[in-house]
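Worksheet: the structure to be examined is printed underneath.
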Amino acid sequence: MSRQFISINETSHVDLARIYDLALAPVQGDELAGVGVSLVFERPSLRTRASSISAVQRLGGNVAVFTKDEIGLDERESAEDVARTLAQTSTIVAARVRNHDVFARMINATPETSFINLLSNETHPTQAVADVLTLAGHFGGGDLASLRGLTVAYVGDATNVTRSLATALIGLGAHVVVGAPDGYQLSESAVALISSRSQLGGTIRVTDSAHEAVLGARAIYTDSWISMGLEAESAQRRRDLASFQVNAELVATADSPAILHCLPAHRGEEITDEVLDSEQSLVWEEVRHRTSAMLGVLRWMKESQ
Ligand code: CP
Ligand code: NVA
């Protein structure tokens, strides 16, 4: 039977708990023996591509990578026909797509195939799994219960990464505060959807003040001001988001917070070198846990087959 990992929101708390467990369980080496995994990238990627390949290989599966120019989703042929074609060689298709809605179309075309979202314009769920593992590793030696009651501030442009991160954290009882200017904040409907996933007292709050967002925060997270596909808005975004930079002065407002960033970082824009390279920075732990996250998701999918 297929399993889908398209967003944190659509994955049950029980399944997420299993994914977190499997992410850190010892690797047997042959768990994906004979399993074909296709990786499709409609956007550039370093970490997601490298960690996905590494995870499939560590589990003994076969991996093939296809980029935008080779496939042309809805250009050279329809997303449905791409899915039907890849289903002939792969039981799992992991894709980074421009439009989130493509997943539903591909799943409808080949319901027997398992799909993993490797980032869309709306969500980045494998990143959120890695971030949860990173925070739990830092604050609780890997114990997810350590995230209950923890305050995590997200500062800057509220992105695909923000939505997935906040949804994952609120389900583990954390308090999420998102500091972003007007026009770059989570929508009311996004906040409502995230809130609906609250467990164990988890909360979400939004503010248009970066300083207010980080008061009392144990961790500060930021992401690029110019997500992939928004390059034409670069100049305007740099102006609008300038006072939301994660720099030493902002970090000093909180109490020695951990620093997180999904990367790639635009040093000197959303975050300074000083903060990104500080002892409080967990960014390389996040990268390391991208492979853990993929191990967890792939093994969880295999459990259903
Ligand atoms: N964080 C992340 O997804 O990095 P890449 O875009 O390099 O894959
Ligand atoms: N918000 C960023 C995340 C990159 C990993 C983007 O979508 O480009």
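The values are calculated or read from the model by the stated rules, or taken from the named source; none is laboratory data. The structure presented is a predicted model; accordingly, all values stated were derived computationally and were not measured. Cβ coordinates were reconstructed from backbone atoms using ideal geometry, including for glycine residues, and neighbour counts include every protein chain displayed. In case anyone asks, the SASA skips ligands and DNA or RNA and just uses the protein heavy atoms, side chains included. Shrake-Rupley method; radii C 1.70, N 1.55, O 1.52, S 1.80 Å.
A quick yes/no check of all residues on (1) within 23 Å of D143 (Cβ to Cβ); (2) in contact with an Asp or Glu (Cβ under 9 Å, 6 or more places away or on another chain); (3) open to solvent by 30 Å² or more (accessible area, probe 1.4 Å):
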| position | (1), (2), (3) |
| --- | --- |
| Y184 | no, yes, no |
| E188 | no, no, yes |
| S209 | no, no, yes |
| A217 | yes, yes, no |
| M228 | no, no, yes |
| R238 | no, yes, yes |
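Residues of the stretch 252-287 that are touching a residue at least 40 places away in the same chain (Cβ under 8 Å) and part of a helix (DSSP H, G or I): T253, E285, E286, V287.
For every residue, the table says whether it meets (1) touching a Gly at 6+ places or on another chain (Cβ under 8 Å); (2) within 18 Å of S227 (Cα to Cα).
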| residue | (1), (2) |
| --- | --- |
| N121 | yes, yes |
| P125 | no, yes |
| G141 | no, no |
| L165 | no, yes |
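Output yes when any residue across the stretch 114-134 is closer than 19 Å to D74 by Cα, acidic (D, E), assigned to a loop (DSSP other than H, G, I, E, B) and open to solvent by 10 Å² or more (accessible area, probe 1.4 Å), and no when none is. Checked against the condition, which is being closer than 19 Å to D74 by Cα, acidic (D, E), assigned to a loop (DSSP other than H, G, I, E, B) and open to solvent by 10 Å² or more (accessible area, probe 1.4 Å), the stretch 114-134 yields at least one hit. Can you name the condition, by its number, that F139 falls short on among (1) surrounded by fewer than 23 Cβ atoms within 10 Å (Cβ to Cβ); (2) more than 16 Å from ligand 1 (Cβ to nearest atom); (3) aromatic (F, W, Y); (4) not in a helix (DSSP H, G or I)? Tallying (1) surrounded by fewer than 23 Cβ atoms within 10 Å (Cβ to Cβ); (2) more than 16 Å from ligand 1 (Cβ to nearest atom); (3) aromatic (F, W, Y); (4) not in a helix (DSSP H, G or I), F139 fails exactly one: (4). In summary, strands (runs of 3 or more DSSP E) completely within the stretch 159-233 and bearing 2 or more residues that are among the hydroxyl-bearing types (S, T, Y) occur at 203-207, 219-222. Scanning the stretch 23-63 for residues that are in a helix (DSSP H, G or I), within 16 Å of ligand 2 (Cβ to nearest atom) and touching a helix residue (DSSP H, G or I) at 6+ places or on another chain (Cβ under 6 Å) yields R47, S51, S52.
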